[in-house]
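Worksheet for the structure shown next.
The values are calculated or read from the model by the stated rules, or taken from the named source; none is laboratory data. Because the structure is predicted, anything quoted here is derived from the model rather than measured. We place every Cβ from the backbone using ideal geometry, glycine too, and count neighbours over all the protein chains shown. Quick note on the areas: whole protein, heavy atoms, side chains included, nothing else; ligands and nucleic acids left out. Shrake-Rupley method; radii C 1.70, N 1.55, O 1.52, S 1.80 Å.
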Amino acid sequence: MLSRLEAISLGLLASRPRTGYDVRKWLDVYGRVYGYSAQTSQIYRQLGRLVEAGWARVVLDPRTTGPDAKLYVLTEEGRTRFIEWLLSPYVPAQRPMDPDFQVRFHFSAQLGPEAALNLVREELRFRRTQHEVPLPNDESLIPEGANNAMAEWMHDLTLMNQQRGRALASTYIDWLEAAEQRLAFV
């Protein structure tokens with residue numbers, strides 16, 4: 001199993017060689033879409049670990065305005081490891097907006113529409129099943145000795161929170177269904 005930063009780093013290098021700065025800039029722009037961020041030091045440590053594992057190699061990129069940049073290039077072993085991760089069984093997380101699905105979905109483009117479609121279908125199956133289970137009202141949050149007005153207010157607040165969660169889940173399921181339809185016709 002790859003860590004999220006490993007998967008993102010390998011996925012980015014699979015499309016083209018990049019510097020650590022390139023990875024940092026990509027995360028600054030797109031990381032929020034995937035619900036993921038990393039410190040610059042984490043990125044460089046991760047790239048170093050990819051080199052140590054033989055999944056990437058370093059090529060110096062000469063610069064006229066400063067020191068040469070380290071360009072990280074994916075090796076065949078790194079590409080193989082990345083593809084193995086993309087093809088590994090996907091197990092949806094309990095949390096509907098977990099970044100793992102989004103990262104896999106983004107990089108599944110490298111395997112083609114069928115891989116993306118299979119991933120969406122797995123996520124959709126899981127979310128539909130999860131959405132069918134009603135949540136009971138959590139009476140344990142009402143403090144002992146609360147008067148009726150306070151208990152009713154807390155009950156309503158809990159209900160609103162559950163409605164919010166269900167509305168977000170419904171919207172996500174709608175998106176998954178739309179994505180499934182679009183991918184099925186590619």
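Brief remarks follow.
- Residue under evaluation V133, criteria (1) surrounded by 12 or more Cβ atoms within 10 Å (Cβ to Cβ); (2) at pLDDT below 90; (3) under 25 Å from D98 (Cβ atoms), criterion not met: (1)
- L119 vs. criteria at pLDDT 95 or above, more than 20 Å from A7 (Cβ to Cβ), open to solvent by less than 80 Å² (accessible area, probe 1.4 Å) and not basic (K, R): no
- Residue that is most open to solvent (accessible area, probe 1.4 Å), among those in segment 89-106 that are of a type outside the set (V, I, T) and closer than 15 Å to G11 by Cα: H106
- Subset of segment 1-16 (residues that are open to solvent by 10 Å² or more (accessible area, probe 1.4 Å), of a type in the set (G, A, S) and under 17 Å from L87 (Cβ atoms)): A14
- Any helices (runs of 4 or more DSSP H) falling wholly within segment 1-113 and containing at least 1 residues that are within 14 Å of the chain's Cα centre (by Cα) and over 23 Å from A179 (Cα atoms): 4-15, 20-30
- Residue satisfying all of: in segment 17-57; closer than 17 Å to H106 by Cβ and of a type in the set (F, W, Y); surrounded by the most Cβ atoms within 10 Å (Cβ to Cβ) among these: Y34
- Test: L60 is open to solvent by 80 Å² or more (accessible area, probe 1.4 Å), over 20 Å from V103 (Cα atoms) and among the aliphatic types (A, V, I, L, M): yes
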